[in-house]
Each structure stands twice: as structure tokens, then as C-alpha cells.
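One structure, as C-alpha cells, below. Some questions next.
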Amino acid sequence: MTETTVILVLVVVTALGFDFTNGFHDTANAMATSIATKALRPKTAVALSGVLNLIGAFLSVEVALTVSNAVVKIQNSDGTPKEALTADGGEALLLIILAGLIGGIVWNLLTWLLGLPSSSSHALFGGLIGATVAGLGWAGVNWNGDGSKLDGVVGKVILPAVLSPVIAGVVAAVGTWLIYRITVGVAKRFTENGFRWGQIGSASLVSLAHGTNDAQKTMGVITLALIAAGDWTDTKNIPFWVKASCALAIALGTYLGGWRIIRTLGKGLVEIAPPQGLAAESSSAAVILASSHLGFALSTTHVATGSILGSGVGKPGAQVRWRVAGRMVTAWLITLPAAGVVGALMWYLGDLIGGLAGAIAIFVVLLACAAGMYLRSRRTPVDHNNVNEEWDATTADTPREPAGTGV
């Protein structure tokens, strides 16, 4: 087995690890409101979300192709892979991809530890961009495609990041306002129970949509690595085994729950009633599915958060905790550069050591960081037993006397 093959294996394993963290980091996007309103039991919610993420991952490949083609410049003008980044020269690009993935995973785990619903997508793109700039220079990043249209990082990543939470928030606010206007005079017990049933359908749709968008980002990264190693040349398709492994990884991560972030989204932003939950989830699903169809690698976290905030704005008299929202927005703003810095540092370390030894070294650094943050999380665990405890503004994240061993 050659050095390039071993590094490729490390990249695939790390990519699936990122997909796993993406799953438990983003479970909240689909199920936080349903859990908060008690439309679904916590364990039932994450199991349902995991299954639907698995199915959704097979429904489209547009986002995967965006990731494999729209971040690192891997193609000539005719669409064929660049010779310098394939075969023997592919080892350099594999190190870039590995370093970028480590940047994304470290940021995912840190924000999970803090209970902040930041973007897994932007963590991934930030890590890849940082490692690419460190390894290939600024020109190595595909900032704006061929310049004739909104493409590349600007058109496919940054623009959706700015617009998607605003659009989702407006749609959710209008939907929430209409719901409360239409149901004026209807007994509360009928509306609460009816909307809880509706939430099961809308939350399921968000989970399906999440699979069509987020699972494919890792598919794109693995395909990019295969191109670099010379094991794949088709830049318009994704190998089936890549689809299947990524779908399983994100489904398993989703099933574990990511309870810390579910708590923040479900209890920390707005005290959500079932009508708001239905409006928020429906808005999120519509925006995510439309973006997946267009190949926009947006942040499902941004969309879900914007929808939940919109549902609070749209309900007369609702309390929105803008301080918590401010913490989230701050995390959003620094996700790309922070993950980029980690990705760049990992590339410099790997390049300094060189070859297979460098790749193994930064992989060990990842394992050490992950173990450290997991052990730190056990001091204040959050799981399905305490995820719905009342929000304490003084602690602003975890319950005071948690129970259980979940994540």
C-alpha cells in the first residue's frame, strides 16, 4: 500500500468522522422545536430524524458536486481534473483536505461543547479554505467560479449564508402571524394538539431536507480526495459507496442527538408553542429543499435558527431572548475564519513533518482534541432526560443538575 493510499484512507475516515459530528450537531435543526413543544418524545425524535437523514442523502447530488468542484480549483477550463492535483501530485491535495476536515471537526466539537448551534457547513468550508490558502495560496480557492455567474465560494456558500436565515425568518414570522390570526377564537386545547401532530410532519420534512443538503457535503469532500488520489475522474458524479457511507455516518450521528444544541435551539431562543414550531419547521424545510435543488451548500443551522427567531417575532407577545441569539450570530461570524485558521495550522504542521508521518501527526492531534472536549462535556452532561428543563438565563446553556450520559 502506497503512502498516498494510506493518506487517502485517513482522509475518508476523517471525512466520515466529520459527517458523524455534522449529524449530532445538526439534529436540533429538525427536532428541537418538536421536542420543546412535546410533539415528539426526545428519543423518538432523534430516531425519526436519523432515518430520514439516511433517506434524504440519496435523493440528490447537486450539493455534493458543489463541494467537490466549488472550493478548491481542481479542474482545467474543459472540466477535466488538473494533472498537478492527481496521481503522484495528489498527496499534496490530500493533506489539504485532511487538514481542512480537522479544522471543521474541531470547530464543530467546540461549538457543541458550548451548546452553540453554529454551522457545520461553514466549519467544513472554512477548514478547507484555510488549508487551501496555506497549501496553494489564495489563487487555489475557487472564489467565484468562471466569473460569468455567481458560483464558487462566493455564490454557492457565502451568499446563501447571508440570505438564507433572513428569508427563513421572514417566512416563519409571516406564517406564525397568519396562524394566530386564523385561529383566533378557537379553543387553545384544539390548536395545541392539532399543531403538535402537524409538527411531526414538518419536522420529518426538515430531517429529509437536511439529508439532501448536509450529508452531501462530505460526499463531495471524499470525491475530491478520490480525484486527488487518481482513483476517480468523473467530476459530475459521486461513487455509490461514498453516498452510502456518508448517509450512514450522518444518520448515526443524528440518532445520538446532540442534546446540548437541541436544548439551546428548543429552549434558549424562544418559548415555543406548537403553532410556532409548525411555522418554523415548514419554513426551514422549504428553504433547505429549494437550496438543495439549486446546489447551494447553505447552512441548515442558519436556516433553522432564522426560522425559530421568526416564529418568535411573528407571535404577538412572544419573548425572544436576543442575548442568546447574539451569541449565536457571533459564532456564525467567526466560524469560517476560526475553522480556516485551524485548517491552515494543521496543514503547516503536516507539511512541516512531511509525507505520511505529517498526515498521521495531525490525525493524532484531532483525536486528542476530540477526546479532551468529550471528557470536558461529561462535567455537565445533557441528554434526553433533561433537555427540556426550564431555561436558566444565568447559566445560559446547560441545566444545573443534569442526568444521564448522552451527548
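State all residues of segment 270-301 that are out of contact with any strand residue (DSSP E or B) (no Cβ under 7 Å at 6 or more places or on another chain), within 25 Å of Arg327 (Cβ to Cβ) and aliphatic (A, V, I, L, M); if no residue qualifies, say none.
Ile272, Ala273, Ala279, Ala280, Val287, Ile288, Ala297, Leu298
Going through segment 37-65 one residue at a time, which ones are part of a helix (DSSP H, G or I), at pLDDT below 85 and over 15 Å from the mean Cα position of the chain (by Cα)?
Once the filter is applied, which keeps residues that are part of a helix (DSSP H, G or I), at pLDDT below 85 and over 15 Å from the mean Cα position of the chain (by Cα), segment 37-65 yields Glu62, Leu65.
With the requirement that a residue be touching a Leu at 6+ places or on another chain (Cβ under 9 Å) and either closer than 17 Å to Gly17 by Cβ or not β-branched (Val, Ile, Thr) (or both), what does segment 253-278 give you?
Listed by number, the residues that qualify are Thr254, Arg260, Leu269.
While we're looking at this one, here's another question. Taking the condition of being among the small types (Gly, Ala, Ser) and in contact with a Ser or Thr (Cβ under 9 Å, 6 or more places away or on another chain), how many residues in segment 367-382 meet it?
Residues flagged as among the small types (Gly, Ala, Ser) and in contact with a Ser or Thr (Cβ under 9 Å, 6 or more places away or on another chain) within segment 367-382 amount to 1.
Out of the residues in segment 160-181 that are among the small types (Gly, Ala, Ser) and modelled with pLDDT under 85, state the one that is farthest from the chain's Cα centre (by Cα). Please lay out each step first, then the result.
Here is the first cut: in segment 160-181, the residues among the small types (Gly, Ala, Ser) are 161, 164, 168-169, 172-173, 175.
Pick out the ones that are also modelled with pLDDT under 85 and you get 161, 164.
Working: Ala161: 12, Ser164: 14 Å.
Once the filter is applied, the top-ranked residue is Ser164.
With (1) crowded, with 21+ Cβ neighbours inside 10 Å; (2) at pLDDT 85 or above as the list, and Leu113 as the residue in question, which single condition is left unmet?
It is condition (1) that Leu113 fails.
Every residue in segment 86-108 that is aliphatic (A, V, I, L, M) and either within 17 Å of Tyr348 (Cβ to Cβ) or surrounded by fewer than 23 Cβ atoms within 10 Å (Cβ to Cβ) (or both), please. Can you show your working first?
Step one: of segment 86-108, the residues aliphatic (A, V, I, L, M) are 87, 92-99, 101-102, 105-106.
If the condition is that a residue be aliphatic (A, V, I, L, M) and either within 17 Å of Tyr348 (Cβ to Cβ) or surrounded by fewer than 23 Cβ atoms within 10 Å (Cβ to Cβ) (or both), then Ala87, Ala92, Leu93, Leu94, Leu95, Ile96, Ile97, Leu98, Ala99, Leu101, Ile102, Val106 are the ones that fit.
Filter segment 66-82 for residues that are outside any helix (DSSP H, G or I), modelled with pLDDT of 65 or more and hydrophobic (A, V, I, L, M, F, W, C); which is nearest to Leu159 (Cα to Cα)?
Val71
Next question. Name the single residue that is surrounded by the most Cβ atoms within 10 Å (Cβ to Cβ) among those in segment 304-359 being farther than 17 Å from Pro165 by Cα, among the β-branched types (Val, Ile, Thr) and within 25 Å of the chain's Cα centre (by Cα).
Val342
Just to be sure before I move on: is Ala39 out of contact with any Phe, Trp or Tyr (no Cβ under 8 Å at 6 or more places or on another chain), crowded, with 24+ Cβ neighbours inside 10 Å and farther than 30 Å from Leu94 by Cβ in the structure I sent?
The answer is no for Ala39.
Just one of the numbered conditions (1) surrounded by fewer than 19 Cβ atoms within 10 Å (Cβ to Cβ); (2) modelled with pLDDT of 85 or more is not true of Thr132; which one?
It is condition (1) that Thr132 fails.
The values are calculated or read from the model by the stated rules, or taken from the named source; none is laboratory data. All values reported here derive from a predicted model rather than from experimental measurement. Positions of Cβ are backbone-derived with ideal geometry, glycine not excepted, and every protein chain shown enters the neighbour counts.
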